[in-house]
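Trainee: Encoded as structure tokens, here's the structure I'll be asking about.
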Amino acid sequence: MRNKLLVLMLCATAMTASAQRIIKPKVKTPTSFAIVIDQKSYDKVSAAVEAYKESIEADGLATYLLIDDWKNPEAIKEQLKKLYTDKKSPLEGCVFVGDIPIPMVRDAQHLTSAFKMNQSRDWKESSVASDRYYDDFDLTFDFLKQDADIPLYFYYSLRPDSRQTLTPDIYSGRIKPVEIAGTDKYVLLEKYLKKVVREKKENSGNTLDHLSMGRGHGYNSQDRVAWAGEQIALREQMPQLFRPGYTVKFFDFDTMYPMKRIYLNEVQDEALDVMLFHHHGAPDTQYINGYLAANGVLQNIESVKVFLRSKIPARAKKIGKEAAIKEFAERYDVPVSWCEGAFDAKLQEKDSLDSEMMDIHTYDIHPLHPNARFLLFDACYNGSFYEKDYLAGSYIFADGKTIATIGGTVNALQDKWPDEFVGLLAAGMRIGQFNRYTGYLESHLIGDPTFRFKNNTAIDFDINKAIVLHRGDVSFWRSKLNHSLPDVQGMALRQLQYADYKDMPKLLEDTYFNSDFFVVRMEAMRLLALHYPDQSVKVLKAALNDSYELVRRLSSELIERNGSPEFIQDLVAAVLLRGHEERLRFRFEQGLGSFDTDKMLQEMDRQLAGKYLYNDTIVKNFRRNVTRDRTRMEEDIKELNDPATKDRAAITTIGVYRNHPKPQMAELLLKIAADEKRATEVRRFAAHTLGWYNISYIRADIVKGLQSISTSEPTLKAEIERSIHRLSEK
């Protein structure tokens with residue numbers, strides 16, 4: 001019986017091995033690429049896949065074709081790592097075509113830009129669909145389970161002893177067709193691959209000479225100073241776009257109403273190379289407009305009526321029509337007649353149509369011909385390729401010339417740098433490399449990651465080969481520190497950081513104080529603050545009044561996370577100097593609680609001494625916010641010290657200090673993590689939250705505190721280890 005079982009197992013292994021097919025490149029090049037496709041998709045569109053492979057090789061990149069009925073992500077990652085270690089032609093990137101296993105990552109929310117959902121919720125919602133499992137080989141995972149409902153989902157936990165930061169070794173992309181009723185997804189896949197081949201053949205000389213950027217309502221507090229700063233930075237990154245014969249356009253959500261119509265016209269422009277979108281989003285929606293801004297008394301009244309009509313019907317289902325009308329009329333002190341329209345069928349239909357026109361939906365895209373070769377969605381959930389119909393996919397699988405998009409699989413942070421290295425796209429950098437160097441755990445390229453524009457910049461070397469073959473080459477990248485293109489300088493700084501260049505802190509400080517370029521100062525400031533926080537104080541202080549708004553805004557966030565009392569004087573000065581800037585003021589208000597309240601108020605009094613203010617609104621807001629933050633923190637401390645506080649409430653309160661790692665809370669969090677009388681989940685969450693203090697000026701003390709906690713409970717022990725690694729990594 002044992003022999004028979006052994007034979008069956010050997011046969012099964014042989015069948016699995018024989019099912020996997022590897023078609024090797026037809027050309028030899030310095031680096032290589034891999035197309036990973038499932039067997040059924042290959043059988044359906046084999047000719048188109050092979051033509052796609054040939055088009056990549058024609059562009060100078062040897063390409064492997066890996067075909068299998070993939071049973072799990074491990075088998076794919078093993079093949080990718082093997083190709084990556086080939087010294088003759090190391091793998092630089094890959095693309096997953098069709099139904100390829102989707103890693104659903106857990107215990108790694110610190111690698112996202114903003115996602116912080118309680119993992120006790122449904123695993124489908126509280127995990128992050130992420131191909132960083134495949135393309136970042138320094139991340140190691142424990143397999144948890146395969147989803148029972150959606151077999152393509154595989155759940156993994158980031159190991160406590162894994163590296164806790166992202167540095168993808170290769171780039172990756174997803175070509176996963178949208179699934180629409182009445183449409184064969186394999187037909188869509190075949191059409192897309194043919195589109196890529198056609199575009200590469202017919203427009204191989206296409207340069208990035210037409211870029212547009214659009215913004216949706218509510219993004220970055222609708223701050224026009226922030227909006228202007230981004231436009232000036234793009235002038236640095238792609239100066240050619242601002243010369244005669246080139247086109248650059250900037251659209252705002254309130255340029256015309258509804259802006260949806262303008263944006264959908266724009267993305268279909270055949271000359272458009274890149275479209276950068278900044279807005280809020282959902283898996284199937286780009287949120288573009290809110291209600292139309294009123295310009296008079298009658299319009300204001302109509303806006304109130306529209307609001308009431310949107311709210312009353314839902315309330316009426318619970319308490320009845322008449323009661324709902326009365327409740328809203330009294331709550332907002334408006335005539336009953338304004339509320340009665342909520343049940344007018346014609347008005348309901350009009351409101352529904354008006355609402356539909358505010359935003360862009362996947363069903364708007366399907367029949368269109370999007371032509372922007374590359375679209376960036378700086379938004380939540382637009383890159384949710386695990387959904388059947390998803391926004392980023394709707395663009396590439398529609399007719400037209402769109403080849404690649406980038407979007408996130410979960411919610412995204414607004415205060416980030418989405419345009420980092422965008423200037424290198426004009427230099428011919430592959431779209432995949434752009435995502436590799438700017439992405440988070442959730443960031444995904446949908447489409448062909450090898451796509452690139454023809455170089456029309458001052459760069460006289462192959463940027464793609466440089467960032468792969470010269471990784472770790474200190475001499476090469478030092479020679480690029482004074483390049484005329486600022487994004488090359490920024491990439492040189494990044495590469496020298498990867499190479500662990502010995503004089504890096506001094507180089508970064510000198511670069512910040514001597515560079516005339518917004519984006520170079522930004523790169524230097526961020527690298528210094530994130531990797532050498534104790535040596536970043538001087539630069540961060542100066543950055544609060546940098547001429548580039550995004551430097552000011554992100555430096556204020558980094559200062560909050562550092563929390564050193566050394567920043568108090570400069571932070572107060574920045575509030576007085578820049579407190580009128582809407583998004584920067586928001587960042588100030590979020591971060592003031594990291595510092596001693598009395599010292600902040602005393603410093604404000606000191607700096608105001610002898611000054612005459614026409615208006616003290618900014619000062620009053622500062623005093624109110626500082627005092628409010630102290631009150632809230634005192635309430636949190638009282639709640640967490642109260643034995644009667646329920647575990648769920650304690651976890652919710654502790655979670656606040658992930659986004660806002662206030663030094664004043666660290667001692668209590670350590671106490672909770674060490675308290676054997678507490679529930680394990682509360683202790684674990686306290687230890688987890690302490691991991692977010694990774695650039696705090698007291699992080700060394702937190703490490704010592706965590707190391708002193710002795711426990712045999714496996715989940716708590718793992719969380720303590722993970723946080724120690726996060727706090728200790730450079």
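Trainee: Return the pairs, sorted by first residue and then second, in which the second residue is open to solvent by 30 Å² or more (accessible area, probe 1.4 Å), the first residue lies in region 274-299 and is more than 30 Å from Gly393 (Cβ to Cβ), the beta carbons are less than 7 Å apart, and the residues are 6+ apart or on different chains.
Mentor: Leu292/Tyr257; Ala293/Asp254; Ala294/Asn300; Ala294/Ser303
Trainee: So, in region 349-376, exactly how many residues are loosely packed, with under 14 Cβ neighbours inside 10 Å, at pLDDT 95 or above and among the acidic types (Asp, Glu)?
Mentor: Within region 349-376, residues that are loosely packed, with under 14 Cβ neighbours inside 10 Å, at pLDDT 95 or above and among the acidic types (Asp, Glu) number 0.
Trainee: Could you figure out which of (1) modelled with pLDDT of 95 or more; (2) outside any helix (DSSP H, G or I); (3) under 22 Å from Trp692 (Cα atoms); (4) touching a helix residue (DSSP H, G or I) at 6+ places or on another chain (Cβ under 8 Å) isn't true of Cys94?
Mentor: Just one mismatch for Cys94, condition (3).
Trainee: Take the residues in region 105-130 that are assigned to a strand (DSSP E or B) and in contact (Cβ under 8 Å) with a residue 60 or more places away in the chain; name whichever of them is farthest from Gln20 (Cα to Cα).
Mentor: If we filter region 105-130 for residues that are assigned to a strand (DSSP E or B), which is where we start, we get 105-106, 128-129.
Of the ones still in play, those that are also in contact (Cβ under 8 Å) with a residue 60 or more places away in the chain are 105, 128-129.
Details: Val105: 26, Val128: 28, Ala129: 25 Å.
The residue in question is Val128.
Trainee: Continuing with this model, one more query. Can you pull out the residues in region 538-556 that are surrounded by fewer than 18 Cβ atoms within 10 Å (Cβ to Cβ) and either within 20 Å of Gln664 (Cβ to Cβ) or not charged (D, E, K, R) (or both)?
Mentor: In the first step, residues of region 538-556 are kept if they are surrounded by fewer than 18 Cβ atoms within 10 Å (Cβ to Cβ); the result is 538, 542, 545, 547.
The answer is Ala542, Asn545, Ser547.
Trainee: Please work out which one of (1) closer than 20 Å to Asn411 by Cα; (2) over 20 Å from the mean Cα position of the chain (by Cα); (3) open to solvent by less than 10 Å² (accessible area, probe 1.4 Å) is the condition Ala129 fails and give its number.
Mentor: Unmet for Ala129, out of (1) closer than 20 Å to Asn411 by Cα; (2) over 20 Å from the mean Cα position of the chain (by Cα); (3) open to solvent by less than 10 Å² (accessible area, probe 1.4 Å): (2).
Trainee: Looking at the structure I just gave you, is Ser120 small (Gly, Ala, Ser) and at pLDDT below 95? Lay out the reasoning, then the answer.
Mentor: Numbers: small (Gly, Ala, Ser): yes; at pLDDT below 95: yes.
Judged against the criteria, Ser120 is a match.
Trainee: Let me ask you something else. Can we say Arg436 is open to solvent by less than 30 Å² (accessible area, probe 1.4 Å), basic (Lys, Arg), closer than 30 Å to Ile150 by Cβ and touching a residue at least 60 places away in the same chain (Cβ under 8 Å)?
Mentor: Numbers: open to solvent by less than 30 Å² (accessible area, probe 1.4 Å): yes; basic (Lys, Arg): yes; closer than 30 Å to Ile150 by Cβ: yes; touching a residue at least 60 places away in the same chain (Cβ under 8 Å): yes.
Yes: the conditions hold for Arg436.
Trainee: Take the residues of region 267-280 that are out of contact with any Asp or Glu (no Cβ under 9 Å at 6 or more places or on another chain) and not in a loop (DSSP other than H, G, I, E, B): which is surrounded by the most Cβ atoms within 10 Å (Cβ to Cβ)?
Mentor: Here is the first cut: in region 267-280, the residues out of contact with any Asp or Glu (no Cβ under 9 Å at 6 or more places or on another chain) are 267-270, 274, 280.
Still in the list and also not in a loop (DSSP other than H, G, I, E, B): 274, 280.
Details: Val274: 23, His280: 21.
For region 267-280, the residue satisfying everything is Val274.
A quick yes/no check of all residues on (1) open to solvent by less than 10 Å² (accessible area, probe 1.4 Å); (2) under 19 Å from Gly655 (Cα atoms):
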{"site": "Pro101", "(1), (2)": "yes, no"}
{"site": "Arg121", "(1), (2)": "no, yes"}
{"site": "Glu125", "(1), (2)": "no, yes"}
{"site": "Phe141", "(1), (2)": "no, no"}
{"site": "Asp149", "(1), (2)": "no, no"}
{"site": "Asp169", "(1), (2)": "no, no"}
{"site": "Gly173", "(1), (2)": "yes, no"}
{"site": "Ala181", "(1), (2)": "no, no"}
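Trainee: For region 131-151, how many residues meet the condition of being within 14 Å of Asn72 (Cα to Cα), in contact (Cβ under 8 Å) with a residue 40 or more places away in the chain and not in a loop (DSSP other than H, G, I, E, B)?
Mentor: 4
Trainee: Six or more apart or on different chains, Cβ atoms under 8 Å: show the pairs whose first residue is in region 649-677 and hydroxyl-bearing (Ser, Thr, Tyr) and whose second is open to solvent by less than 10 Å² (accessible area, probe 1.4 Å) and not in a loop (DSSP other than H, G, I, E, B).
Mentor: Matching pairs, first to second residue: Thr653/Leu640; Tyr657/Met665; Tyr657/Leu669; Tyr657/Thr689.
Trainee: For region 201-223, which residues satisfy the criterion of being in a helix (DSSP H, G or I) and modelled with pLDDT under 95?
Mentor: Filtering region 201-223 down to residues in a helix (DSSP H, G or I) leaves 201-202, 219-222.
Selection gives Tyr219, Asn220, Ser221, Gln222.
Trainee: From the residues in region 84-98 that are open to solvent by 20 Å² or more (accessible area, probe 1.4 Å) and touching a Phe, Trp or Tyr at 6+ places or on another chain (Cβ under 9 Å), which one is nearest to Lys185 (Cα to Cα)?
Mentor: Here the answer is Tyr84.
Trainee: Still on this structure, I have one more. Just the residues that are assigned to a helix (DSSP H, G or I), open to solvent by 10 Å² or more (accessible area, probe 1.4 Å) and free of Cβ contacts under 8 Å to residues at least 60 places away in the same chain, please, taken from region 441-478.
Mentor: Quick first cut of region 441-478, residues assigned to a helix (DSSP H, G or I) only: 463-469, 474-478.
Narrowing the set further to residues that are open to solvent by 10 Å² or more (accessible area, probe 1.4 Å) leaves 465, 468-469, 474-476, 478.
Those that are assigned to a helix (DSSP H, G or I), open to solvent by 10 Å² or more (accessible area, probe 1.4 Å) and free of Cβ contacts under 8 Å to residues at least 60 places away in the same chain: Val474, Ser475, Phe476, Arg478.
Trainee: State yes or no: is Leu576 crowded, with 19+ Cβ neighbours inside 10 Å, among the aliphatic types (A, V, I, L, M) and not in a loop (DSSP other than H, G, I, E, B)?
Mentor: On the way: crowded, with 19+ Cβ neighbours inside 10 Å: no; among the aliphatic types (A, V, I, L, M): yes; not in a loop (DSSP other than H, G, I, E, B): yes.
So Leu576 fails the test.
Trainee: Restricting attention to region 487-533, report how many residues are under 24 Å from Thr457 (Cβ atoms) and basic (Lys, Arg).
Mentor: Qualifying residue count for the region: 3.
Trainee: Still on this model: Mind counting the residues in region 349-360 that are of a type in the set (S, T, N, Q) and either in a loop (DSSP other than H, G, I, E, B) or more than 18 Å from His279 (Cβ to Cβ) (or both)? If you could, list the steps in order and put the result at the bottom.
Mentor: So the first thing to find is which residues in region 349-360 are of a type in the set (S, T, N, Q), and the list is 352, 355.
From what is left, the residues that are either in a loop (DSSP other than H, G, I, E, B) or more than 18 Å from His279 (Cβ to Cβ) (or both) are 352.
Matching residues across region 349-360 total 1.
The values are calculated or read from the model by the stated rules, or taken from the named source; none is laboratory data. Since this is a predicted model, take the numbers as computed values, not measurements. Neighbour counts run over all protein chains shown; Cβ positions are idealised from the backbone, glycine included. For the accessible areas, the whole protein counts, side chains as well, though only heavy atoms, and no ligand, DNA or RNA atoms are used. Shrake-Rupley method; radii C 1.70, N 1.55, O 1.52, S 1.80 Å.
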